[in-house]
Amino acid sequence: MLLPKFDFYEPLNMEEACQVMSGLGSRAKLLAGGTDLIVNMKRGTLSPGHVVSLSRINDLKGVTFTKGRIRIGACVTAAELCESEEIKTLFRALQQGASDLGSPLIRNLATIAGNLVSARPAADLPPPLMAYDAKVVLMKESGEREIPLEDFFTGPGETMIEPDEIVKEILVEKPRDCSGAGYIKLGVRKALEISLVNVAAFVSLDDPDGAIQSARVVLGAVAPTPMRAHSAEKVLLGEKPGEALFVRAGEAAAEDSKPIDDFRAGAEYRRAMVQVLTRRTLDLALNEARSR
């Protein structure tokens, strides 16, 4: 199927891109990897009059450390997340989420910002990023703002981003010693699969054999947006980690979840899997925390 006609823009830096978006706003769509936009344009579900490519903007590329936190450019691809030594070493759960995304062909194109802005309830990258307490930096002609990722999603396919804003980067604090994270995706296939349920967990310990100082449990595909399981986190705080505790946390996470019945799975099955996957991701997080 042929693409509809549109005006094409290819700014060289963020200042140019913000100027273009300031003038076009909701009449334009941003193009990064194109794994969603191009498909939807060919299907006819989207027909923007203007497309703004971000491919030539170097400021949106690369994974770097700055001031004790890692900066991931908006146009970093899922494949680059998988291959980054910094991500492998410090953010293993994020690397796992990236490796579970789509297929090798899609991972070579799909960008981290695109995966976030699409705001799909079952997306692979939001849960591990939320578990690491990531922030999203948005930029427009009048300035920048930084938003916690957990506040970024407002509904299926909906975010806080304004029509003239561009995702510039994602920022994640370097994990402290005795902390770790895990991510597990449940699906029927090993590739090109939409999650039935996905769970990410982060724990930080007082010391390798100590109590849980902080915890985040994030659920995907069981609510309109990726969500924190706050009840599960309360179960964990201040407690010595172990199987019985993680079972209780899994039960609490299942109670927090808001799954639906659809053609891929039933709500009760999803709720049961939240309980199982929460326990398993907490095991992964604990093992990593004790090895640091």
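Extension gain for Asp207 to Asp177 (0.36 nm times residue separation, less C-alpha to C-alpha distance): 10.0 nm. This model, with +1 at the C-beta of Lys and Arg and -1 at the C-beta of Asp and Glu, gives the range 108-230 a dipole about its Cα centre of some 500 debye.
When the charge dipole of the chain is built from unit charges on Cβ atoms (+1 for Lys and Arg, -1 for Asp and Glu) and taken about the Cα centre, the candidate among Val63, Ala265, Phe246 whose Cα reaches farthest toward its positive end is Ala265. Pairing the Cα long axis of helix 14-24 with the longest principal axis of the chain, what angle in degrees results, from 0 to 90 and rounded to the nearest 10? Computed tilt is about 70 degrees. Computed over the chain, relative contact order equals 16 percent, with contacts defined as Cα pairs under 8 Å that lie 6+ residues apart. Of the trypsin sites (Lys or Arg not before Pro) found in the range 91-179, those that fall in a DSSP loop while having at most 14 other beta-carbon atoms within 10 Å are Arg176.
Based on the Cβ-Cβ distance of Asp261 and Thr154, what FRET efficiency does E = 1/(1 + (r/R0)^6) give at R0 = 22 Å, to the nearest 0.05? For Asp261 and Thr154, the calculated efficiency is 0.40. What FRET efficiency would be calculated for the residue pair Phe8, Ser291, taking the C-beta separation as r and a Förster radius of 51 Å, to the nearest 0.05? Computed FRET efficiency for Phe8 and Ser291 comes out at 0.55. A straight chain from Glu85 to Val247 at 0.36 nm per residue would run longer than the Cα-Cα distance by 55.0 nm. For the chain, a crude dipole built from +1 on the beta carbon of Lys and Arg and -1 on the beta carbon of Asp and Glu, taken about the Cα centre, is about 600 debye to the nearest 20. DSSP beta bridges confined to the range 179-291 are antiparallel in about 100 percent of cases.
We did not get these values from a lab; they are worked out from the coordinates using the rules stated. Since the model is a prediction, treat every value here as computed from it, not as a measurement. Neighbour counts are summed over all protein chains in view; Cβ atoms, including those assigned to glycine, are modelled from backbone coordinates with ideal geometry.
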